[in-house]
Each structure stands twice: as C-alpha cells, then as structure tokens.
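One structure below.
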C-alpha cells in the first residue's frame, strides 16, 4: 500500500554541541519519506529550486521514493538554519529563507491520487486541505502542524483537521491547540475537533497516542549520544504512518486495533531515535530494516514488566 | 518482611494552582512510610517536637506503622513551606525551619535492628551511614539524597552510597552526581559508585531503573488533575521498596530478576501518582490496596504493545 507525503524539501544549516553543518539536505517531507520508505512505497510531493543537487535527488530515489511529485522551478530551495541549546531540548532559528517554497501549491500527480495513505507535513492549512481534496479516497489521512498556524490561522486549521483521521503534534502544540495545560484533558478536547486518533510527541520523553476510549504511552529511547535532533519528529511521523500503510490498516472501517496503533507509535519512536544518531539525514544512508526491527524489540525489552 | 524508614516527619505549607494549605502533615519519612505501609510492615525512625498533633500520630499509627522509633523532644517540629509554578514542574521554597530536626541523630530501636529492608530518606549522609551501621544485616538498603549533599558534602555522600544496594534520585540529581548530562551515561557512572541498582525519577515523565546490564523505563501516569506533587517522589520510594519487601526479595543473593524490579518501579509510580491527587497525605486516608492494584494493571494496559 503506497503512501503520499506532502511537505517541505529543504537545505538546513544546523549547529549542535557535537558540531556544525552549514548546508545539508533537510525538510519535513524529506525526513518523513525517508523514514516511511523502510515500510512502504512512498510518493513525495514537494518543491525545490534549480540549486537542488543531483546527489540529493539520487539519494532520495535510491530509497525507492517516487519523485514524480517533486516539482523543480527556477530559484533557490527553502533554507533553514538553527542552533541547539547545550541539552538540545531547545533551538533558536537563525535563518528562514522560504525561497521557492513561498509559492508552493501542491499538485498531486494523477498517478498518486488513488493511494490510500496520506501524510501532510507542516504547511499552510489551506494547502493541506487542497491536497486532501485532490486525493480520491484515502483510507487514512492526517498530518502535522505548528504553533504559527495554531495561533494565526486557527479557523483555517480547525476546518482542515476536521477532515483528518489523525493529528500528529508535539506536547506544546497540543496544549496551545486545546488551550489546556493538562495533556489528558487537552487530548480529549482535540479528539472533539475531528481526528479520531491523536499522537502527541514529547521529544526525549517519548510519545502518547489517544483515541476516544484508550491511550498508549511510550517513553523515549535512551540514546548515549544525540548528535542532531533535527527531523526526529518527522521521522516519527514517517515510521508511524509507514508501518500502518505496510500493514494495510483501515482506521475508518475499524480494521485497526489498539495494539496495531501502539506498534505504529513504537516504529515512529524507533525512526525518531535513529534520526538523532547522526547529523541531518546521514543515518539513513546506512540504516537497515533489520536494525529497525532490532530496536523495536529493544523497546519491548525495556518497557515490559 | 519489615521495612525500616528513616527521615523527616514535618509540617508543610503548600500553595499550588489548586489551592493552599498553611500547615499539614508532611516530611519524606511520612510519605515513604505511608506508601510502603500498603505492602509491608513499616517501622519509622524520625524526630518531632512537642507541637506534633495526636491526630497526626494516630493517622500514621492507623496505617499499621510502628512508631517506637519516633522520637518526641521539646521544641517545634520541622516546618517547610513552598509554592508551585503554574505547570507544577517547579517550586520555590518559601520557608525552611529545621527546628528539632536540626539535632536529629537517628537511634534505631533494638527491635528494628534485625529488619531486612532499609530506606534512608534524604538526610545528612553521615547520619544515613550511622543508621546503616546500627542495622544488623539488612538484605536490601538504600535511599535518597539531594542537590545540597551532592554539591557540598560530596565525599561524605560518596562514602555513604558506596555501601548501598540502591540509590533513588531524580534526573537533575543524577546529572549533578555524575557530572554528565546524558542520563544513560550518567547512570553508568553512578553504578560505578557502589549501588548495583539505580532508580531515576523524572516527575511527570515517569522513572527509569538501571542495573549493570539492563534498564527499564516507564512513562508517568497521566493524571487529569495534579493537586499537589509534594511527597510524590517519596511515595514512589515507599512503593518501590515496599513491594520488594513484601515479596521478600534479596538482591545481594541474586534472588531478584529484572521483572521483579520493574514491577517495583511500577508500584512506585502508582504510589507517586495517587499522592498527587489530593493535598499532602490526604489521599492516604481513603486509598485501598485494591485501588493500587487496579492502577498497576492500568499501567500495564497503557504501556504494553
């Protein structure tokens, strides 16, 4: 079962206590697609400029990711630069140059429209809505958003997520969206906004999944070295939806159990943890499915009692 | 199997976003003993002044806690007051009046000395050492400490914990003790300091247990209302050691498996979560073992996959 991923493909500059890279492949849709590609056929929709390097295109293509939806236009690719704090729980944005991404108007290739799984990376809510409208009848559609849209485009965002099966956000975004500090209450409120499944990412502290009558919580994987957390949340999303697509689950039809969703959260956590082990997307140059499954089993070992 | 608990019995003044109580029963040894009393016979060693109310003595005694080691001297009982931040993850100490606690020199009653389980609450490391020296041959001994002793009494503290089976501290204390930000590395360093078992408490994010070749991590229980987190870490300690004492486990002899310790961490988490549901020790006026075991099962339900 194939997955359509829509979002940003970018170049990033990142500084962490472990080092600095001035320019490397990044972007939410890049991370989501790379992570999902270990589980399912993935089809990317994004926009890049004419500075986008052939070697980066080839790297993505080597993971079997369909690039028919990767639009190339004159101009520069989206560039973001940030610097992490000593404990890497905070980061300052140093530069945001939208470049060609400023005019991104996602056009879903005809060959993608019948796919059953859709992951909408963090872009303007109206664009997310237009993507869903272009799809025929996905079984499972959802995505991410961020503080900026929650604060300044609230009504548009609410109209967008009302149509989603699942919403994947971090804890501070969940609190902001719900206007409620307590996460359990915040989750109840958000489940009233449309999505029947809510995943809240908590960075190093793990993740939580809420549905109307159940919830699941997993702690974060304890890495000895976090080199670069950039993209970890997107890799979580890619692992989560990638696993569900691999299994062919159909939430609307109720063909999915709590255990299935819980395992998807674990695969998301696994992919997020691998992402942090090297700068940028480097870890995905060597990562294998066997390593992923081994870490899944490690999660079971350190959480079961 | 009985447990000896040594530490502070106090009066607390607490202000949280949910309300304020000017004076109520508190103290680490009080919370530890109350939590442990649901699992095993518990024998308290502490000091109070002549202002200590009969109703508080009776409340503790009604939980079956042995008060032979509760010394009463002329003067006022230890008083602490604090105010919690809006999200309750931080608190400011408003008042610390040591009063009779300043001269606490724990004398273990003869009838306690042969007990097999010892939990040393957060007191001066030299006093913790003198308590252990008074015990005949405990199977399992350990305790808590805090930033102040780690910073200003480091050598004394290291000499003390070298004799312990287990150390129970929070994440910031673990980082400070090890001089290492990464918790997995910090745990390895601390396991080289003596204790074969390290429990790191993470507040709302749960707890971790480390031994030389294994670790276990559990997320925190998601309460809808946290009324007052005071004592939650001590209740965790009481549930942890209480469960091990109830089972009669003997770590030295290797009669304990990873599963046993993991379940002790869950019972610790359960007791910490109940503690937060009301102000001070109030929850323990009505809490039953059946409620405790039901929440233990709830932990299994929301963490297993």
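The values are calculated or read from the model by the stated rules, or taken from the named source; none is laboratory data. Keep in mind the model is a prediction, meaning the values are calculated, not measured. With ideal geometry, Cβ positions are generated from the backbone for all residues, glycine too; neighbour counts draw on all protein chains shown.
For residue A:215, the criteria (1) in a loop (DSSP other than H, G, I, E, B); (2) in contact with a helix residue (DSSP H, G or I) (Cβ under 8 Å, 6 or more places away or on another chain); (3) touching a residue at least 24 places away in the same chain (Cβ under 8 Å); (4) within 12 Å of chain B (Cβ to nearest Cβ) hold in every case but one, which is (1).
When residue B:75 is tested against the conditions (1) surrounded by fewer than 17 Cβ atoms within 10 Å (Cβ to Cβ); (2) closer than 19 Å to residue B:268 by Cα, the lone failure is (2). Counting only residues that are farther than 22 Å from residue A:256 by Cα, crowded, with 18+ Cβ neighbours inside 10 Å and out of contact with any helix residue (DSSP H, G or I) (no Cβ under 8 Å at 6 or more places or on another chain), segment A:100-131 holds 5 of them.
To keep it simple, each residue is scored yes or no on (1) in a helix (DSSP H, G or I); (2) without any contact (Cβ under 8 Å) to a residue 40 or more places away in the chain; (3) away from every other protein chain (no Cβ under 14 Å); (4) under 17 Å from the mean Cα position of the chain (by Cα).
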{"site": "A:240", "(1), (2), (3), (4)": "yes, no, no, yes"}
{"site": "A:260", "(1), (2), (3), (4)": "yes, yes, no, no"}
{"site": "A:278", "(1), (2), (3), (4)": "no, no, yes, no"}
{"site": "A:291", "(1), (2), (3), (4)": "yes, yes, yes, no"}
{"site": "A:294", "(1), (2), (3), (4)": "yes, yes, yes, no"}
{"site": "A:297", "(1), (2), (3), (4)": "yes, yes, no, no"}
{"site": "A:300", "(1), (2), (3), (4)": "yes, yes, no, no"}
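If you go through segment B:78-99 and keep only what is surrounded by 17 or more Cβ atoms within 10 Å (Cβ to Cβ) and either within 14 Å of another protein chain (Cβ to nearest Cβ) or in a loop (DSSP other than H, G, I, E, B) (or both), you end up with B:78, B:84, B:88. Quick one: is residue B:203 within 12 Å of chain A (Cβ to nearest Cβ) and on the phi < 0 side of the Ramachandran plot? Taking the combined requirement at face value, the residue does not satisfy it. Do the conditions hold for residue A:246, that is, is it more than 9 Å from chain B (Cβ to nearest Cβ), out of contact with any strand residue (DSSP E or B) (no Cβ under 7 Å at 6 or more places or on another chain) and not in a strand (DSSP E or B)? Here the answer is yes, as residue A:246 does meet what is asked. For segment B:64-73, the count of residues that are closer than 21 Å to residue B:156 by Cα and more than 17 Å from the chain's Cα centre (by Cα) is zero. Residues being under 23 Å from residue A:134 (Cβ atoms), assigned to a strand (DSSP E or B), at pLDDT 95 or above and out of contact with any helix residue (DSSP H, G or I) (no Cβ under 6 Å at 6 or more places or on another chain) are represented in segment A:33-53 by at least one member. Test residue A:151 against the criterion of being surrounded by fewer than 16 Cβ atoms within 10 Å (Cβ to Cβ) and on the phi < 0 side of the Ramachandran plot, and give yes or no. The answer is yes for residue A:151.
Is one or more of the residues making up segment B:161-172 buried (at least 22 other Cβ atoms within 10 Å of the Cβ), touching a strand residue (DSSP E or B) at 6+ places or on another chain (Cβ under 8 Å) and within 12 Å of another protein chain (Cβ to nearest Cβ)? No - not one qualifying residue is present in segment B:161-172.
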